[in-house]
Amino acid sequence: MKDLYGVLELDRAASAEDIKASYRRLAMKWHPDRNAGSREAEERFKLISEAYAVLSDDSKRRDYDAYLDGGGTYGARQPGYGQPDYGQAAPEGFGPSPEDLFGGAFREGWGFSDFSGFSFFSKEEATTMFLREMLELASELTMRNVGWREIASELEKRGCPSDVASRISLQIEERRKAAIRRTATPYFVRSALSGLFGFLMVRAGGVFGLFGLLGLVMFLSGIYNLARALYFLATGNAPRTTLG
């Protein structure tokens, strides 16, 4: 018998980071695109995703741990257990909503079957979860200003199919550049106004007066920040510190 921890090749002491890392490793290993035509790979991929849906959520994990502590086994269960929380009622025919499932989780008669390769997750749901995790990994890299080709290469090294890796990497770089430029635009305007106001203070108070000295500091700071804003607008690179 294998429980959800066993599906992810973990023990119950696993940290959130361990769970995420194991999911990413196993999902890449059993991704259907890397195992074309394999029914076993598809089912393992879905079950791995289902286990991650429960163990990556603190509340669901607590419920599951309490269930195990109560003597539960990995046996037959109600359809829909562990499905992603879409934040809304499930579509007609999709099964019970996550709120219905986990509001009274592990009711009498709930359990899990042994690892026979069967999962109530669909291939589409598992693929959506996989893409979301790959986007998160790519996001971590892109915010270090790693280029999309390097990100795609890193994803491929970890087992991500090449076409999926390229698509994700391009998409995440475009999102990062758009987000940085949205932030840099008002930063540019504030810096320009600050520099201009400082220049006017210098003109009015002279370089050696207190008023003029404050103006000079404001002017120089404005010019420096203006140059930074121009750089971020031009490159879309993420700053090492938050734009203020």
Pick from the range 104-138, criterion hydroxyl-bearing (S, T, Y) and crowded, with 16+ Cβ neighbours inside 10 Å, ranking: modelled with the highest pLDDT: T127
Residue in the range 127-145 that is farther than 30 Å from A51 by Cβ, without any contact (Cβ under 8 Å) to a residue 24 or more places away in the chain and part of a helix (DSSP H, G or I) present: no
Candidate set from the range 184-199 (those that are surrounded by fewer than 13 Cβ atoms within 10 Å (Cβ to Cβ) and either modelled with pLDDT under 90 or over 28 Å from the mean Cα position of the chain (by Cα) (or both)); member that is farthest from E140 (Cα to Cα): L193
Residue within the range 20-37 that is under 19 Å from the mean Cα position of the chain (by Cα) and surrounded by fewer than 17 Cβ atoms within 10 Å (Cβ to Cβ) present: yes
Matching entry among T235, T241 (being closer than 28 Å to L135 by Cα, surrounded by fewer than 16 Cβ atoms within 10 Å (Cβ to Cβ) and modelled with pLDDT under 85): T241
Those residues of the range 162-217 which are of a type in the set (G, A, S) and under 13 Å from W148 (Cα atoms), in sequence order: S162, A165, S166, S169
Yes/no for V202 being exposed (fewer than 13 other Cβ atoms within 10 Å of the Cβ) and not basic (K, R): no
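The values are calculated or read from the model by the stated rules, or taken from the named source; none is laboratory data. Here the structure is a predicted model, which means the values were calculated and not measured. In this analysis, Cβ positions are derived from the backbone assuming ideal geometry, glycine residues included, and neighbour counts consider all displayed protein chains.
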